[in-house]
Structure formats: structure tokens, C-alpha cells
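These notes concern the structure reproduced below.
The values are calculated or read from the model by the stated rules, or taken from the named source; none is laboratory data. Computed from a predicted structure; not experimentally measured. Virtual Cβ from ideal backbone geometry, glycine too; neighbours counted across all protein chains shown.
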């Protein structure tokens with residue numbers, strides 16, 4: 001959070017203040033206020049018993065889902081997404097809050113399931129819990145946040161005990177689709193290699209053929225959609241990350257990524273120094289306190305600063321998994337695994353956007369990007385895991 005405050009200050013103060021609108025200059029103070037609220041909420045959560053979170057899981061899920069529905073009718077559109085509900089002058093991005101309710105509900109479903117049972121009915125129930133809020137978020141035109149929910153599906157299935165081979169078959173088509181965007185050949189080569197890999201693991205010809213057809217089919221559908229179905233602007237949004245500096249992209253959808261990469265690259269090994277980044281202070285990178293906050297760190301603190309951030313995230317994710325394994329109860333394990341998955345998806349996509357490895361979809365960097373709703377939601381997820389671990393001896397009381 002302190003790193004985030006430093007980067008937000010740099011992106012909205014100093015020379016950058018001369019080229020920023022009034023509202024971005026307030027982001028630092030607002031984020032500082034939200035940090036205080038989030039830390040206070042974390043301390044409160046640490047005092048709550050495990051039973052509270054188990055009983056509250058489904059009600060919180062219902063409430064956050066109803067807020068998603070309400071946003072479709074009374075919500076305010078911000079940056080093209082109708083996912084904000086305002087209470088006076090304070091706005092909440094309800095799609096961020098829905099992450100908390102969804103992870104808690106999934107963890108509770110796994111927690112009340114009989115140990116070591118995994119059938120198609122349970123898997124469908126688990127997937128449905130995630131798809132409902134994800135679908136509502138898609139209707140709000142918040143594709144980036146919806147991707148986080150879709151990415152949570154394989155994470156939840158994995159931690160709930162699904163067979164690894166089946167999980168790989170479910171996840172592989174997504175990789176094939178990504179590779180097909182970059183190169184149609186790569187997508188089909190991946191499908192063939194994956195089918196061979198599945199055969200090597202299972203020695204089952206039918207499973208290997210189905211895996212290859214499914215993965216290759218997604219690659220083919222992706223290519224067909226890009227060439228025949230989607231509009232020119234949509235195609236440009238998808239393809240721009242493959243070469244954002246190309247003539248057809250650099251003045252449009254690739255503009256953000258070109259300047260973000262210029263900022264990160266110019267930072268060199270040790271960076272230009274706090275408030276000394278020319279791209280940052282010149283206001284050349286749009287949405288730099290939110291979606292492209294990593295470019296501030298890369299430019300002003302260089303390779304060293306970037307590696308420090310990635311190391312901190314790695315320690316956080318590993319520590320969360322360790323806490324989950326220490327709890328041993330399925331509710332705690334699933335909660336820790338789900339939170340880790342949410343964070344990892346955000347980190348991967350956000351830094352992927354900033355470095356042009358992925359298309360721009362608008363996802364914040366956890367705890368670092370400006371955004372009160374995101375900071376509150378991420379802290380709430382973190383607080384629940386900490387509280388469950390702190391009171392882990394209580395799990396046995398409720399029978400597992």
C-alpha cells in the first residue's frame with residue numbers, strides 16, 4: 001500500500017500536476033483515506049470468529065449480487081462500465097465488492113461439502129456461483145473485472161479437488177485462444193502438442209483426441225471471430241498488444257501501451273528517481289495512477305524497483321498459500337486459494353497490459369493502483385484469510 005501511495009503521488013503531483021486534471025490530483029488524498037478505512041476494517045475482521053465468516057458467506061454473496069443488479073438500473077457509468085453506485089458523493093464499484101462475496105460463497109460451498117467428494121453436480125454448482133456475478137459484470141460492460149471471475153473458475157475447481165487432467169483440459173483452450181491471436185500457427189501447434197501431452201499422461205486415445213479438438217477448435221474460433229465476426233475497432237483492441245507501435249495502432253488503441261513501455265524501458269536498471277520520470281511527469285501515459293501504475297515504478301525506480309514489487313507479490317502469494325495449508329479445513333484452504341487466485345490474475349493481467357504482453361482491459365494492480373473500492377475489496381479478502389488463520393483452532397468445533 002505504501003508503494004502504491006508513492007507511485008500515485010508521483011503520477012499526480014510534482015510536474016505531473018501541471019498536466020493533470022483537478023480530480024487526479026486528489027487521488028493521493030483519497031487513497032490515503034481509503035487506506036485508513038481498509039486497515040481499520042482489517043483490524044475489526046481479526047477480532048471476528050470463524051463462525052461469523054461461514055454464516056456470512058452466502059448472505060454477503062446475495063447482497064453483492066443484488067448490488068450488481070442494481071448497478072444495471074441505477075448505476076453510474078465510469079470509463080464505459082456501468083458498475084458504480086453512488087451514495088452521495090462517494091462511489092463504490094460494486095463489481096470489486098462482488099469478488100469478496102463470490103470467494104466467500106465458493107469457500108463455504110466447498111466447506112460444507114463432504115470430504116473428498118467431487119462430482120459433476122458439485123462442479124456445476126461451484127461454476128454457477130461464479131458465472132452469475134460474472135455475467136452481470138459483462139452486462140455492465142466491465143470486461144476486465146469479468147475476466148477475473150472467469151479466471152477464478154479453474155482456480156476454484158483446482159482447490160476443491162478436481163482431477164488435474166480434467167483441469168488442464170479446461171484451461172488449455174484459453175492458452176490456445178491467446179496464442180491464436182498472436183499467430184494462428186502457434187495456436188494449432190499448441191493444440192497438437194497439448195493433445196500429445198494428454199495422451200502421454202492418460203494413455204487414452206479418446207481423451208487425447210477430444211483435448212486436441214477442443215483446444216484446436218478454440219484456436220480456430222478465435223481466428224474466425226477476429227477475421228469475420230468482430231468489428232474493426234474490437235479487432236484493433238485485441239490485436240494492438242501484439243505490436244502497439246504499428247502504424248495502425250500507435251495513434252489509437254496502442255497509444256497507452258507504447259508510452260507505458262517507453263516509460264518502463266527508459267527507467268533502466270535503477271530508475272530516474274522519484275518525481276523525475278519524464279513520461280510520468282509529462283503526463284504521456286494515460287490512466288497512470290490506475291491501470292498503468294506499474295509504468296511509474298518502472299520509470300522512476302527501474303529494474304530494481306520492478307523486481308522488488310514482483311518479489312513482494314511473490315512473497316504475499318506464497319504466504320497466503322502457506323496460511324491456507326496451515327488451516328487444513330476446506331473453507332480456509334479454499335478461501336486462501338481463491339484470494340491467491342484473484343490477486344495472481346490481477347497481477348498477471350495488469351503488468352501484462354503495461355508491458356504489452358496482453359490487451360488493455362482495465363484491471364488495477366492489487367494494493368498499488370488508485371481505487372478505493374479495489375483497495376477495500378482486496379484488503380477485505382486479505383483480512384478474512386488472516387482472521388481464519390488466526391482462529392484456525394476453532395475449525396474443529398464445527399465438525400469436519
The stretch 270-290, residues that are closer than 18 Å to residue 4 by Cβ and part of a loop (DSSP other than H, G, I, E, B): 271, 274, 275, 277, 285, 287, 288, 289, 290
Hits in the stretch 125-177 (condition: over 19 Å from the mean Cα position of the chain (by Cα) and outside any helix (DSSP H, G or I)): 160, 161, 162, 163
Test: residue 324 is in contact with a helix residue (DSSP H, G or I) (Cβ under 7 Å, 6 or more places away or on another chain) and either within 24 Å of residue 102 (Cβ to Cβ) or modelled with pLDDT under 90 (or both): yes
Criterion: over 22 Å from residue 385 (Cβ atoms), touching a strand residue (DSSP E or B) at 6+ places or on another chain (Cβ under 6 Å) and either at pLDDT 95 or above or crowded, with 18+ Cβ neighbours inside 10 Å (or both) - qualifying residue of 71, 81: 71
Residue in the stretch 386-397 that is under 15 Å from the mean Cα position of the chain (by Cα), farther than 17 Å from residue 293 by Cβ, modelled with pLDDT of 95 or more and in a helix (DSSP H, G or I) present: no
For residue 358: the one exception among (1) more than 24 Å from residue 160 (Cα to Cα); (2) in a helix (DSSP H, G or I): (2)
Matching entry among 345, 309 (being in contact with a helix residue (DSSP H, G or I) (Cβ under 8 Å, 6 or more places away or on another chain), surrounded by fewer than 23 Cβ atoms within 10 Å (Cβ to Cβ) and farther than 24 Å from residue 156 by Cα): 309
Verdict on residue 333 being within 30 Å of residue 243 (Cβ to Cβ), buried (at least 21 other Cβ atoms within 10 Å of the Cβ) and in contact (Cβ under 8 Å) with a residue 40 or more places away in the chain: no
Filtered residues of the stretch 57-79 (kept if closer than 12 Å to residue 145 by Cβ and part of a loop (DSSP other than H, G, I, E, B)): 79
Among (1) in contact (Cβ under 8 Å) with a residue 24 or more places away in the chain; (2) under 19 Å from the mean Cα position of the chain (by Cα); (3) within 30 Å of residue 328 (Cα to Cα), the one test that residue 62 misses: (2)
Yes/no for residue 361 being in contact (Cβ under 8 Å) with a residue 40 or more places away in the chain and either crowded, with 19+ Cβ neighbours inside 10 Å or more than 14 Å from residue 4 (Cα to Cα) (or both): yes
Single unsatisfied condition, residue 144 versus (1) in contact with a strand residue (DSSP E or B) (Cβ under 9 Å, 6 or more places away or on another chain); (2) within 18 Å of residue 341 (Cα to Cα); (3) buried (at least 22 other Cβ atoms within 10 Å of the Cβ): (3)
In the stretch 93-123, residue modelled with the highest pLDDT [restricted to those that are farther than 16 Å from residue 133 by Cα and not in a helix (DSSP H, G or I)]: 113
Exclusive hit being touching a helix residue (DSSP H, G or I) at 6+ places or on another chain (Cβ under 9 Å), over 30 Å from residue 324 (Cα atoms) and without any contact (Cβ under 8 Å) to a residue 60 or more places away in the chain, set 198, 210: 210
Qualifying residue in the stretch 371-380 (condition: more than 26 Å from residue 49 (Cα to Cα) and part of a loop (DSSP other than H, G, I, E, B)): yes
